[in-house]
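These notes are about the structure you will find just below.
Every number in this text was worked out from the coordinates using simple rules, so none of it is lab data. Because the structure is predicted, anything quoted here is derived from the model rather than measured. With ideal geometry, Cβ positions are generated from the backbone for all residues, glycine too; neighbour counts draw on all protein chains shown.
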Amino acid sequence: MRAIGRATLALLAVIGQLAIFTGQTLSHLVRPPLYPREIGAALFQIGWSSLPVVGLTALFTGGALALQIYAGGARFSAEAVVPQIVAIGMVRELGPVLVGLMIAARVTSSIAAEIATMKVTEQIDALVTLSTDPMKYLTLPRVLAATLAMPVLVGVGDLIGILGGYLVGTGRLGFNPTTYIRNTMDFLEFHDVLSSLVKGAVFGFIAALIGCWYGMTSGRGAMGVGRATKGAVVAAAVLILAANFLLTEAFFST
Amino acid sequence: MIELTGVEKSFGDNHVLRGIDLTVERGTSLVVIGGSGTGKSVLLKCILGLIPPDRGVITVDGQDVATGDRDAFLARFGMLFQGSALFDSLPVWQNVAFRLLRGALRRPRGEAREIAIEKLRRVGLGAEVADRLPGELSGGMQKRVGLARAIAADPPIIFFDEPTAGLDPILARVINDLIREIVVDMKATAITITHDMGSVRAIADRVAMLHGGRLRWTGTRAEMDDTADPYVTQFIHGSATGPIETLR
């Protein structure tokens, strides 16, 4: 019982610290100076450099989804719904979640490791002595860039995922290309696309914020950096999945 | 002038500083010696406000570290970190000119670069290193870049944290001489933390020894050589026997 109480208190303390960290990060949005060069560099790192991994993930997932739906649909003569389900599945769910998880693996880990290393090597202290707030210089640009870049990455991921389904559908499963595209376009609604992009922005915010948080609070030495990196990826992935559930509930609950 | 009165700092049960009273007059070069884990680095970070002390008052030229305009306060300091703490992603000149590229001391980019190159020359590095990344430099060169960054904005107070750690004896001598030269030229107030007695002899006007979280001894460099304090004599002679306990 005591152990449960202790764990609960520790969890509440972490939630409180994370809430303060989030508030501090957001407060820098309205407190100049902003560092446009840092924001630009973070946009390049998080957005542009993630495109290949996002594209490949979405392409293979879209293709596999088409195969699964076709095989499953064949059990009750519903093979024709492949274009519609691929589109809905990619845009509403798989696109944002898979891109979010890939970003957690690629970006959260890199942010956590970079900032933790900076902390261990006293670069964070050096920033402070050079009259530069580390939250403003390191955290805000990364969080802002990830929040802005992720909807674009998710949009690209959705499109490439649908393309993967199209290639498999028309190349292997015998769908007519024109019909496939028409069915995809007719079935998707603005609401689906909007939910996808909003999920992207929220997942990007989570991925970068958690990376920065673990980096800034890392322990000493190589072990501290390793723990921060591992903890950041796990926490970001779990939070992204939890946020996905809540956002799906908010957008699509009837 | 830097004044510390009754400064205490603990991390959990570890009492690192136990009531430090210390005054560093303007233009003086103070070297703080002491074994590993005696709180030397914590002392520096408390003065800079990076770590808030649990008790006590620290003032710099009359301004309490804990109050007032933080940017204006920090603009008076330059610091050379133990591992240089250069920013890996920035070229050397932007590391040196970091303070001049943003904030209250901001200069046009071209001018900041010129100042950075001038400071690099001051520490014995040519303009050819300006566009290289810190990772491409040797440890000694990184130390010099860190030194150039510390003096880039001509601060009246400079801190040196283990300036010769990890350097060979010859390079350590070069860095010590360079620090002395810079501190004298700039008429700066300097606090250096070191285990290296070569640094003490090259840099110090005054010496202070920390032991067990307390200020064990203070005096001039000449007084240090003549002192009968067993802690100081054991430390400066690097003797394994004496009142300072060592792990065997």
Hits in segment A:182-211: amide N under 19 Å from the 7 Å Cα→Cβ extension of A:Leu26, namely A:198-211
Semi-axes a, b, c in Å (a largest) for chain B, each sqrt of 5 times a Cα gyration tensor eigenvalue, come to 31, 22, 16
Rounded to the nearest whole number, the per residue volume of the convex hull around the C-alpha atoms of segment B:1-47 in Å³ is 70
Neighbour-count ranking for B:Phe159, A:Phe76 (other C-beta within 10 angstrom, fewest to most) reads A:Phe76, B:Phe159
Answer in debye to the nearest 20: the dipole magnitude of chain A about its Cα centre, from +1 Lys/Arg and -1 Asp/Glu charges placed on Cβ, is 600
Projected onto the charge dipole of segment A:37-252 (unit charges on the beta-carbon of Lys, Arg, Asp and Glu, signs +1, +1, -1, -1), the Cα from A:Thr117, A:Thr248, A:Pro151 with the largest positive-side position is that of A:Thr117
Whole-Å distance linking the alpha carbon centroid of segment B:26-82 with that of segment B:207-240 is 21
When the charge dipole of segment B:88-154 is computed with +1 at the Cβ of Lys and Arg and -1 at the Cβ of Asp and Glu, the Cα pointing farthest to the positive end, of B:Ala150, B:Trp93, B:Gly126, is that of B:Ala150
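How high is the relative contact order of chain A, in percent, with contacts defined as C-alpha pairs under 8 Å that are six or more residues apart? If you can, show how the numbers build up before the last one.
Details: 350 pairs, mean separation 76.8, N = 254.
Relative contact order of chain A: 30 percent.
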Under Stokes-Einstein, segment A:37-252 at 4 °C and 1.567 mPa s, with its Kirkwood radius over C-alpha pairs, diffuses with a coefficient in µm²/s of 71
Per the charge dipole of chain A (beta-carbon charges, Lys/Arg positive, Asp/Glu negative, Cα centre), the residue among A:Leu173, A:Gln84, A:Ala236 reaching farthest to the positive end is A:Ala236
If R0 = 51 Å, then A:Ala3 and B:Leu133, at their Cβ-Cβ distance, give a FRET efficiency to the nearest 0.05 of 0.55
Everything considered on the Cα gyration tensor (a ≥ b ≥ c; rounded for a/c under 1.5, else prolate if a/b is larger than b/c, else oblate), segment A:147-192 must be described as oblate
Counting only residues 5 or more apart in sequence or on a different chain, those whose built amide H sits under 5 Å from that of B:Arg216 are B:Met209, B:Leu210, B:His211
With Cα springs under 10 Å, the Gaussian network model of chain B assigns the largest mean-square fluctuation among B:Thr164, B:Thr194, B:Thr233 to B:Thr233
Taking a ≥ b ≥ c as the square roots of the eigenvalues of the Cα gyration tensor, with a/c under 1.5 meaning rounded and otherwise prolate when a/b exceeds b/c and oblate if not, segment B:92-162 is oblate
So the FRET efficiency between B:Met186 and A:Leu241, C-beta based with R0 = 56 Å and rounded to 0.05, is 0.50
The set of residues whose placed amide H lies less than 5 Å from the amide H of B:Asp54, leaving out same-chain residues fewer than 5 positions away, is B:Glu8, B:Lys9, B:Ser10
Treating only Lys and Arg (+1) and Asp and Glu (-1) as charged, each at its beta carbon, one finds that segment B:88-154 has a dipole about its Cα centre, in Debye to the nearest 20, of 220
Once amide hydrogens are built 1.01 Å from N within the peptide plane, the residues lying 5 or more places from B:Asp229 or on another chain with amide H under 5 Å from its amide H are none
Calc'd 3J(HN,Hα), segment A:199-216, phi into Karplus 6.51 cos²θ - 1.76 cosθ + 1.60 (θ = phi - 60°), Hz, glycine/Pro = x, comes to 4, x, 4, 5, 5, x, 4, 4, 4, 6, 4, 5, x, 5, 4, 5, x, 5
Per the 1/(1 + (r/R0)^6) rule, R0 = 41 Å and r from the Cβ atoms of B:Glu25 and A:Leu51, FRET efficiency to 0.05 is 0.10
Note to self: Kirkwood Rh of the protein assembly as shown, Cα pairs, one decimal, Å, is 26.0
